[in-house]
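Trainee: Submitted below is the structure of interest, expressed as structure tokens.
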Amino acid sequence: MNIELDGLTKRITDTGNFISIDNNKCNNCGRCLVICVMNLWRKKEGKIYIVDNYQSKCLECAACYQVCDAGAINFQYPKGGTGIVIEKG
Amino acid sequence: MKDYDLIIVGAGPGGSMAAKTAAEKGLKVIFFERGRKPGEKNSSGCGLGPRMFRDFPELMKNLTPDKCPSMRAGAASRNYFINKDDIVAGYIMARPTESVSYEPAKSWITMNVYRSEFDPWIAKFATDAGAELKTSTLIVDLLKEDGRVYGVIDEKGEKYSAPLVIGADGVISVVAQKSGLRNKWVQNQVTLVPQYDFQAPPEKIDDIMGDETLGIWWGSTFPSSYQVFFNDGFHQGLGNWMNWWDRNPLYYLNRVINLKYYQRLLKILDAKPRELQAHLLPWLDYPNNTHTDGVILIGDAGGFPCPLEAEGIYPAMVTGKIAAEVASEVISSEDVSKSTLKKFDEKWQQTSIGKEFEAGFELYNIWKALPFSPKETMSWFVPMIMEIIGGIFDWSQPHALRVRQIISHVKSYMPKATPFIMAYVFPLLTKVFEDDLDKLMDPKKIMKVLPKLLDMLPQKKKKKGGEQK
């Protein structure tokens with residue numbers, strides 16, 4: 001049994017774009033694909049990208065940014081007062 | 001531009017403690033929070049240790065259920081040992097022992113609170129003391145002139161100046177990055193921790209768990225998982241260092257949830273998943289690069305969580321308080337150079353946190369090699385420990401024969417256990433006892449004798465009957 005994840009997070013929209021990848025720096029190691037709890041990183045035709053609607057799923061853990069030894073993933077926390085709201089953390 | 005004596009980036013327990021201390025010393029201080037209120041962005045770090053109540057009694061005596069309804073303290077913890085077939089092979093429940101020396105540590109092992117309640121509570125002491133709190137504000141850079149830090153800038157371009165900036169901004173610290181203290185952690189300095197929160201009726205938790213507030217699920221197929229009970233719910237989470245993961249971290253957490261034993265527990269507790277969280281947690285053998293010209297890092301930003309169990313709030317509060325004390329000294333002398341701010345290190349090294357990190361390397365190594373190495377270590381550690389604890393409660397053979405069977409079986413784990421003891425246990429013992437180690441305790445001598453001792457134990461009892469196996 002896997003726990004249904006929908007509905008287990010609350011967010012305030014209007015975060016702006018807070019994660020991006022520089023494919024020129026990316027060395028295709030794939031660590032971001034493995035580490036993302038929400039499976040938001042994908043690979044298509046040898047190119048790694050983050051899903052379009054990541055803002056509505058991302059847990060803001062920054063694991064993708066931290067794990068990227070190539071320094072290809074840029075991460076800045078969402079705008080103040082937006083993004084995930086943790087009520088029971 | 002607004003001018004201050006001290007800027008603190010982050011309003012977690014460390015930032016709030018720094019702000020409170022600085023304000024009480026008469027400094028004009030501002031602290032920033034990116035959430036709409038403190039605690040809104042924090043998951044975990046929910047265990048308040050007894051040292052907080054010993055070292056900050058005036059503050060902590062105010063923590064009451066009307067301020068913090070989620071709080072639950074309890075004396076007991078339970079260690080579940082799970083074998084490689086995902087069966088709970090046994091457990092040990094423990095309470096504070098006779099050697100525990102002070103209250104409240106004698107009465108409870110941990111006080112658990114949701115951060116959404118605790119962080120605003122502690123921030124209020126800072127604002128009451130006169131510190132200015134600015135919420136919904138993300139600090140994105142430091143202001144610098146000729147390489148010297150003189151303030152911060154927020155995402156809207158608003159500038160704030162002060163001779164000293166305290167980075168209390170957590171694991172991904174803008175203050176650390178922009179001051180050049182640390183761009184990123186090395187992968188073995190930081191862990192990723194996914195976590196579920198479950199809701200459960202308080203009376204069910206009372207009836208079923210009693211005063212057990214903490215469970216550790218020592219797995220052989222997943223990194224050890226913690227269970228922390230609150231008034232009306234509990235966390236179940238696990239973590240490991242960044243380069244450990246070979247598949248989605250939730251796969252491993254779900255292995256815990258899917259243990260038959262765990263499913264029964266969920267059922268009787270009437271527990272339902274309520275929230276999913278994930279966070280990074282710095283976990284180092286020693287905090288380095290804690291300060292530079294005009295900047296001090298505290299709490300998670302400075303890498304201060306406990307090297308053994310990653311307790312984070314207490315170290316953040318201790319380092320926050322010290323950073324503010326150092327700030328008030330140096331700001332009046334107008335010298336905020338790196339060499340002067342070395343005082344910060346000298347002071348925290350004298351505290352309980354400093355003492356902890358004296359054995360940080362050994363503690364970090366043994367812990368990383370044990371509960372966080374399920375396949376390499378726990379897969380033999382669990383059956384070995386359960387052979388000793390559980391094996392004796394067995395009437396399949398005459399009891400003397402069982403003892404021999406058990407010892408013989410434990411011996412079979414020695415090819416794996418001996419290198420582990422050599423690599424991790426003896427270095428820790430050596431560190432802990434240092435000069436007190438008398439010659440008899442010399443690890444090298446013990447290791448010489450140990451195999452011989454084990455060889456003296458018979459695999460089988462000679463003659464005299466007695467069925468084997």
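Trainee: Quick check: the angle from helix B:360-369's long axis to the longest principal axis of chain B, C-alpha only, nearest 10 degrees?
Mentor: Taking the Cα atoms of chain B, the angle to B:360-369 is about 50 degrees.
Trainee: Taking the dipole about the Cα centre of the protein assembly as shown, with the C-beta of Lys and Arg at +1 and of Asp and Glu at -1, give me whichever of B:Ser396, B:Leu259, B:Ser333 is farthest to the positive side.
Mentor: Working it through, the farthest residue towards the positive pole turns out to be B:Ser396.
Trainee: Note the direction-averaged projected area, equal to a quarter of the hull surface, for the Cα convex hull of region B:332-446, in nm².
Mentor: 11.7 nm²
Trainee: Going by Cβ distance under 4.7 Å, what cysteines of the protein assembly as shown have no possible disulfide partner?
Mentor: Singleton cysteines: A:Cys26, A:Cys29, A:Cys36, A:Cys58, A:Cys61, A:Cys68, B:Cys46, B:Cys68, B:Cys306.
Trainee: At 0.36 nm per residue, minus the direct Cα-Cα distance, what do B:Lys431 and B:Ala94 gain on full extension? Give it in nm, one decimal, please.
Mentor: 118.7 nm
Trainee: Could you state the number of Å between the C-alpha centres of region B:186-220 and region B:1-67?
Mentor: Centre-to-centre distance over Cα atoms comes out at 25 Å.
Trainee: Could you tell me which residue out of B:Leu6, B:Ile87, B:Pro104 lies farthest along the dipole of region B:1-132 toward its positive end? Charges go on the beta carbon: Lys and Arg +1, Asp and Glu -1, centred on the Cα centre.
Mentor: B:Ile87
Trainee: Counting only helical runs of four or more DSSP H residues, what would the 222 nm mean residue ellipticity of the protein assembly as shown come to if each run contributes -39,500 (n - 2.57) and the total is spread over all its residues?
Mentor: About -9500 deg cm²/dmol.
Trainee: What's the angle, to the nearest 10 degrees (0 to 90), between helix B:260-269's Cα axis and the longest principal axis of chain B?
Mentor: Here the helix axis deviates by roughly 60 degrees.
Trainee: I've got another one for you. Against the empirical 2.2 N^0.38 Å scaling, what ratio does the C-alpha Rg of region A:27-80 come to?
Mentor: For region A:27-80, the normalised Cα radius of gyration is 1.08.
Trainee: Then there is this: With a ≥ b ≥ c taken as the square roots of the eigenvalues of the C-alpha gyration tensor of region B:2-67, please select rounded if a/c is under 1.5 and otherwise prolate if a/b is larger than b/c or oblate if it is not?
Mentor: Oblate shape, in that a/c is at least 1.5 and b/c is the bigger or equal ratio.
Trainee: Set the Förster radius R0 to 41 Å, insert the Cβ-Cβ distance between B:Ser408 and A:Asn28 as r into 1/(1 + (r/R0)^6), and round the FRET efficiency to 0.05.
Mentor: 0.20
Trainee: Using only alpha-carbon positions, what ratio does the radius of gyration of region B:34-108 give when scaled by 2.2 N^0.38 Å?
Mentor: Ratio of Rg to 2.2 N^0.38 Å for region B:34-108: 1.48.
Trainee: In percent, what relative contact order does chain B have, based on Cα pairs under 8 Å that are 6 or more apart in sequence?
Mentor: This gives 18 percent for chain B.
Trainee: Taking the DSSP beta bridges in the protein assembly as shown as the whole, what percent of them are antiparallel, to the nearest 5?
Mentor: The answer is about 70 percent antiparallel.
Trainee: If you don't mind, there's one more thing I want to ask. If the only charges are +1 at each Lys and Arg Cβ and -1 at each Asp and Glu Cβ, what is the size of the charge dipole of region A:32-89 around the Cα centre, to the nearest 20 debye?
Mentor: It comes to approximately 140 debye.
Trainee: Further question on the same structure: B:Lys144: which aspartates and glutamates have alpha carbons under 20 Å from its alpha carbon, excluding same-chain residues fewer than 8 sequence positions away?
Mentor: Output for B:Lys144: B:Asp3, B:Asp5, B:Asp154, B:Glu155, B:Glu158, B:Asp169, B:Asp293, B:Glu334, B:Asp335.
Trainee: Shifting gears a bit: Normalised by the residues of region A:27-80, what does the relative contact order come to in percent, with Cα pairs under 8 Å and at least six apart?
Mentor: Relative contact order, region A:27-80: 33 percent.
Trainee: Quick one: order B:Asp141, A:Asp14 by neighbouring beta-carbon count within 10 Å, fewest to most.
Mentor: With the fewest neighbours first, B:Asp141, A:Asp14 line up as A:Asp14, B:Asp141.
Trainee: Angle check, please: helix B:443-456 long axis (alpha carbons) against the longest principal axis of chain B (alpha carbons), in degrees 0 to 90, nearest 10.
Mentor: 20 degrees
Trainee: Which whole number gives the average, over all residues in B:271-281, of C-beta atoms from other chains lying within 10 Å of the residue C-beta?
Mentor: Shielding by partners across B:271-281 averages 6.
Trainee: Turning to a different aspect of this structure: Using r as the Cβ-Cβ distance of B:Asn62 and B:Glu103, and R0 as 22 Å, what FRET efficiency do you calculate, to the nearest 0.05?
Mentor: Efficiency, rounded to the nearest 0.05: 0.80.
Trainee: Quick one: Cα centre-to-centre distance for region B:92-163 and region B:343-422, in angstrom?
Mentor: 35 Å
Trainee: Packing-wise, with mean Cβ within 10 Å as the measure, how do B:390-400, B:334-344 rank, highest first?
Mentor: B:334-344, B:390-400
Trainee: Using the basic label-point model (7 angstrom from Cα toward the beta carbon), what is the B:Lys272 to A:Val51 distance in nanometres?
Mentor: According to this spin-label approximation, the distance is 2.5 nm.
Trainee: Taking only C-alpha pairs under 8 Å that are 6+ residues apart, what is the relative contact order of region B:221-355 in percent?
Mentor: About 16 percent, as a whole number.
Trainee: Enumerate the residues in region B:37-51 having an amide nitrogen under 17 Å from the point lying 7 Å beyond the Cα of A:Lys10 toward its Cβ.
Mentor: B:37-44
Trainee: Taking every alpha carbon pair in region B:1-149, what does the distance histogram look like in 10 angstrom bins from 0, in percent?
Mentor: Here the calculated profile for region B:1-149 is 10, 31, 28, 18, 10, 4, 0.
Trainee: While we're here: Where does the charge balance sit around B:Ser333 when Lys and Arg score +1, Asp and Glu -1, over other residues with C-beta under 13 Å from its C-beta?
Mentor: -3
Trainee: Please list the radius of gyration and Dmax for the protein assembly as shown, considering alpha-carbon atoms only, with Å as the unit.
Mentor: Every Cα atom of the protein assembly as shown included, Rg and Dmax give 25.1, 92 Å.
Trainee: I've got another one for you. Averaged over peptide B:127-139, how many Cβ atoms belonging to another chain are found within 10 Å of each residue's Cβ?
Mentor: Mean partner-chain Cβ count within 10 Å for B:127-139: 2.
Trainee: Let's see if you can work this out: charge +1 on each Lys and Arg Cβ, -1 on each Asp and Glu Cβ, no other charges. What is the dipole magnitude of chain B about its Cα centre, in debye to the nearest 20?
Mentor: 2200 debye
Trainee: Let me ask you something else. When the Kirkwood radius is taken over all Cα pairs of chain B, what Stokes-Einstein diffusion coefficient follows at 20 °C and 1.002 mPa s, in µm²/s?
Mentor: 88 µm²/s
Trainee: Summarise the partner chain shielding of B:156-168 as one whole number: the mean count of Cβ atoms from other chains within 10 Å of each residue's Cβ.
Mentor: 0
Trainee: Which distance in nm do the two modelled labels at B:Gln177 and B:Ile446 give, with both placed 7 Å along the Cα-to-Cβ direction?
Mentor: It is 4.5 nm.
Trainee: Something else about it: How much length is gained if the chain between B:Lys159 and B:Lys375 is pulled fully straight, taking 0.36 nm per residue apart and subtracting their Cα-Cα distance, in nm to one decimal?
Mentor: Stretched out fully, the B:Lys159 to B:Lys375 stretch lengthens by 72.7 nm.
Readers should treat all values here as calculations from the given coordinates under stated rules, not as data from a laboratory. Since the model is a prediction, treat every value here as computed from it, not as a measurement. Neighbour counts run over all protein chains shown; Cβ positions are idealised from the backbone, glycine included.
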